[in-house]
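Notes to accompany the following structure.
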Amino acid sequence: MPVAIITGASRGLGRALAGALAARGWDLVLDGRGEEALRTAAAELDRDIGGARAGRVEGIPGDVTDPAHRERLVAAAVALGGVDLLVNNASALGAEPLVPLAELAEAGLREALETNVTAPLALIRAALPSLRAARGAVVNISSDAAVEAYPTWGGYGAAKAALDRLSAVLAEEEPALRVWAVDPGDLRTRLYEAAVPDDPDFAARPLPESVVPAFLRLLDERPDSGRYTAPALLAAAR
């Protein structure tokens, strides 16, 4: 069975991706900062799929900015057979709710950069031997804030823009891998709600499950490394 590491997998997009891969029989190593939420997510995956799958689900609570935690994630995946897919989904806003750059604390910006850029690169580096052996794939979750200038989204957008550039360079340096930066769009997630708690359109925003087919299309078709948006991938599949 192929093996995937998914960070930020206790809820939202990470949880939705985990469910889709579990249904396909993947072995999963899931990361999340909340131990109880992660344990619940892992248990739900086992219950939902039940005997229909031979794959295993291992939830490892912790913070992706912790080097020891990243080592545990990779070691768990290697014990399951390697790393075929790494999904860097865990994110930090830098301020909750978001604030203008004039009000963004330096500590908040550092948190956004550490979680959204430094930790993904460190996890990629730790998993790279296994990814190379499997000719695997890296999915870095981006944002439209990486390419558009939205008020209050400066710190988070800067971090995601850096992640986009990191993804593009990694793709050039590791041509045997697939490296995809994917903007899923504004989804009805806890992260978005924390960012903009007074958004009147929040209840109408799509659920994370609605964009999962876009990610599955990447895995099925393995297009060239690059930056993709979930809406465009979904539209092209129709």
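Derivation of every value follows stated rules applied to the coordinates shown; laboratory data play no part. Bear in mind the structure is a predicted one, so any value in this text is a computation, not a measurement. Reconstructed Cβ throughout: ideal geometry from the backbone, glycine too, with neighbour counts over all protein chains shown.
A few notes on this one:
- Cβ-Cβ distances below 8 Å connect the following pairs, each with a first residue in segment 70-90 that is over 12 Å from Val3 (Cβ atoms), a second residue that is assigned to a loop (DSSP other than H, G, I, E, B) and of a type in the set (D, E, K, R), and a separation of six or more residues or different chains: Ala90/Arg33.
- Here Val117, Val138 are screened, and the one residue that is in contact (Cβ under 8 Å) with a residue 40 or more places away in the chain, buried (at least 23 other Cβ atoms within 10 Å of the Cβ) and either part of a loop (DSSP other than H, G, I, E, B) or of a type in the set (A, V, I, L, M) (or both) is Val138.
- Out of Pro223, Pro231, one residue alone is in contact with a strand residue (DSSP E or B) (Cβ under 9 Å, 6 or more places away or on another chain), in a loop (DSSP other than H, G, I, E, B) and without any contact (Cβ under 8 Å) to a residue 60 or more places away in the chain. It is Pro223.
- Candidate set from segment 211-238 (those that are among the small types (Gly, Ala, Ser) and buried (at least 17 other Cβ atoms within 10 Å of the Cβ)); member that is nearest to Arg165 (Cα to Cα): Ser225
- Some residue of segment 99-114 being assigned to a helix (DSSP H, G or I) and either aromatic (Phe, Trp, Tyr) or touching a strand residue (DSSP E or B) at 6+ places or on another chain (Cβ under 9 Å) (or both): no
- Among the residues of segment 194-210, those identified as surrounded by fewer than 18 Cβ atoms within 10 Å (Cβ to Cβ) and part of a helix (DSSP H, G or I) are Ala194, Phe202, Ala203, Ala204, Glu209, Ser210.
- In segment 9-31, the residues that are touching a Lys or Arg at 6+ places or on another chain (Cβ under 9 Å), more than 14 Å from Asn88 (Cα to Cα) and either assigned to a helix (DSSP H, G or I) or not charged (D, E, K, R) (or both): Ala22, Ala23, Gly25, Trp26
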